[in-house]
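Just so it is clear, none of the values below were taken in a lab; they were calculated from the coordinates. What you see is a predicted model, and the numbers here were worked out from it, not measured in a lab. Because the Cβ atoms are built from the backbone with ideal geometry, glycine has one as well, and the counts that use them run over all protein chains shown.
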């Protein structure tokens, strides 16, 4: 497998890798820490390329765990659901509701995690002979999480005596107190950061409860919901609920929903999450969920789905309903058994996604203009707000700004009363969710919460400046002077010939990729850009060549007007440069070849 082409360079202490202290995108290159001897042993024992063995070692994979890592299974990795605090109470209350024929509802968030968790519970209730009424709040009119008016409608108009929140509810103290007064029992199924006190509820199931020692705090809400389904199913079985007229459902049929929600919520793909996604993608490929199949068709997914398809093609379309369209479209699509309705809903979501993309583009352009003019850009934080921005796209724009400026980014849409709906995305080393919760507790926000890498919040009229200052101070406390130093982690260096189809195929064995199991990224040292041109809206396509005679095609996305794209275009036909990227299999018309997805570049003479 062209082993001689893989140069797995060893870092010289804290020295930047290949001497790149500041790349085209402003990053310091760092060789991912790993035991080279272990990497070689893994490669030899498992008959893998050395590059792959070192990547495994750098991810903490040991010799005795390597086979398990490469072949994740739920039989081995799924924990006992009852280890979670509140699970016994939640199961007892749900079993009672099912057996007594109570009217129950699921109150989900409007993102993919909330939609998949809601659809999972709806499908499970339907399979065991019960109904579950879905309720997804309108992002603009109702905001995030349970609200008193919605819960009152569920109780008084729909006759519900039980409601289950998914992907929300852990800090909904007042709305859940109102539900309690109405006689509406609440079960909270969440994964967001909790506070010392818990909301009033019949049960609170959240691995991130402060009093829960669960090692599975990285689960997405849909993963917690799946554990709930496993536990309720067990209780129903033991209660004699199943029989000839009511067969026990095979819970594995819904792992496609779990995989989609887990990938799209960008939680670490380690432990049980890795098994849930690996097995769920296999279920997704069978296309038995007609809603997901229709979604794959409009997203033009024409191969076995992977994390890329789930996270960048299918997920955004489910999200589009909650962002700029109708909030409940995603849940309806993922839970329907009607092929005609599924096709119609998928088309509507595809249309909303196109609308979302245009709104997002305009918002991003305006935000960048403000920031480049010096409004909202500081050493450790991007904070930009404006009237007229659509609250449904600010989270995506925050993510784009985080990538562009290499620091935590918050984007706030102000309404006509000056109230700000904000969303933030963070970088490694900064717990943004904790900072937002602290700001709410300091009464700088109307509400707010989240987790380390993402948060949502509402600012009072005129409160943006005080909140921004608070955030900047909290971030400075976490990072120290100088702010976060952005780094690009690399798994080694390859000659161009080493970026081969054989290596690309071997690297696929490490899937699924995501946070906690980053797709291996390599430096291509002294690569010549023999051809480069702009394609699409702002992508740069290139052909790379090496002194070893190697040649590989490459592409860099959304960068033509940024330093990375400018560097690639400038290097065309010139001196060799260092590149950083991921080696993938590119399939087209039954032909496969390697392709490098370029993430960064550095001109050797200017890299130090």
How high is the relative contact order of segment 77-349, in percent, counting Cα pairs under 8 Å that sit 6 or more residues apart?
22
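Could you calculate the contour length gain from residue 245 to residue 15, that is, 0.36 nm times the residue separation minus the distance between their Cα atoms, to one decimal place in nm?
Contour length minus Cα-Cα distance gives 76.0 nm.
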Would you please give the FRET efficiency between residue 63 and residue 308, computed as 1/(1 + (r/R0)^6) with r the Cβ-Cβ distance and R0 = 35 Å, to the nearest 0.05?
0.70
Relative contact order for the chain using alpha-carbon pairs under 8 Å, separation at least 6, rounded to a whole percent?
14
Cα-Cα separations in segment 50-139 greater than 23 Å, expressed as whole percent:
50
Given R₀ = 25 Å, FRET efficiency for residue 282-residue 452 by Cβ-Cβ distance, to 0.05?
0.25
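As a test of the formula, what do you get for the chain when each DSSP H run with n ≥ 4 contributes -39,500 (n - 2.57) and the sum is divided by the residue count, at 222 nm and rounded to the nearest 500 deg cm²/dmol? All intermediate terms of the calculation are to be shown ahead of the outcome.
Numbers: 20 runs with 235 residues, N = 608.
After summing the helix terms and dividing by residue count, I get -12000 deg cm²/dmol.
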Could you tell me how many degrees, from 0 to 90 and to the nearest 10, lie between the Cα long axis of helix 255-264 and the main elongation axis, the longest principal axis, of the Cα atoms of the chain?
60
Bridge type composition, the chain - antiparallel percent by DSSP, nearest 5:
60
For the pair residue 575/residue 562, report the inter-label distance in nm, with labels modelled 7 Å from Cα in the Cβ direction.
2.6
Along principal axes, Cα extents of segment 249-324, largest first, whole Å:
33, 25, 24
Nitroxide proxy distance, nm - points 7 Å out along Cα→Cβ at residue 344 and residue 133
2.2
Give me the angle, in degrees from 0 to 90, between the Cα long axis of helix 432-441 and the longest principal axis of the Cα atoms of the chain, rounded to the nearest 10.
40
Taking a cut-off of 23 Å, what percent of all Cα-Cα pairs in segment 77-349 are separated by more than that?
48
Would you calculate the volume per residue, in Å³, of the smallest convex hull containing every Cα atom of segment 305-449?
136
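Considering only DSSP beta bridges with both partners in segment 374-479, what is the antiparallel share in %, to the nearest 5?
DSSP beta bridges in segment 374-479 are roughly 75 percent antiparallel.
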Report the label-to-label distance for residue 466 and residue 174 in nanometres (one decimal), using points 7 Å from each Cα along the Cα→Cβ vector.
1.7
If one takes the longest principal axis of the Cα atoms in the chain, at what angle in degrees, from 0 to 90 and to the nearest 10, does the Cα axis of helix 394-405 lie?
20
Rg over Rh [alpha-carbon atoms, Kirkwood Rh] for segment 404-509:
1.20
So how much slack lies between residue 548 and residue 415, counting 0.36 nm per residue of separation and subtracting their Cα-Cα distance, in nm?
42.0 nm
Rounded to whole Å and sorted largest first, what semi-axes of the equivalent ellipsoid does the C-alpha gyration tensor of the chain yield via the square root of 5 times each eigenvalue?
41, 29, 22
Subtracting the Cα-Cα distance from 0.36 nm times the residue separation, let me have the gained length for residue 587 to residue 158 in nm, one decimal.
149.4 nm
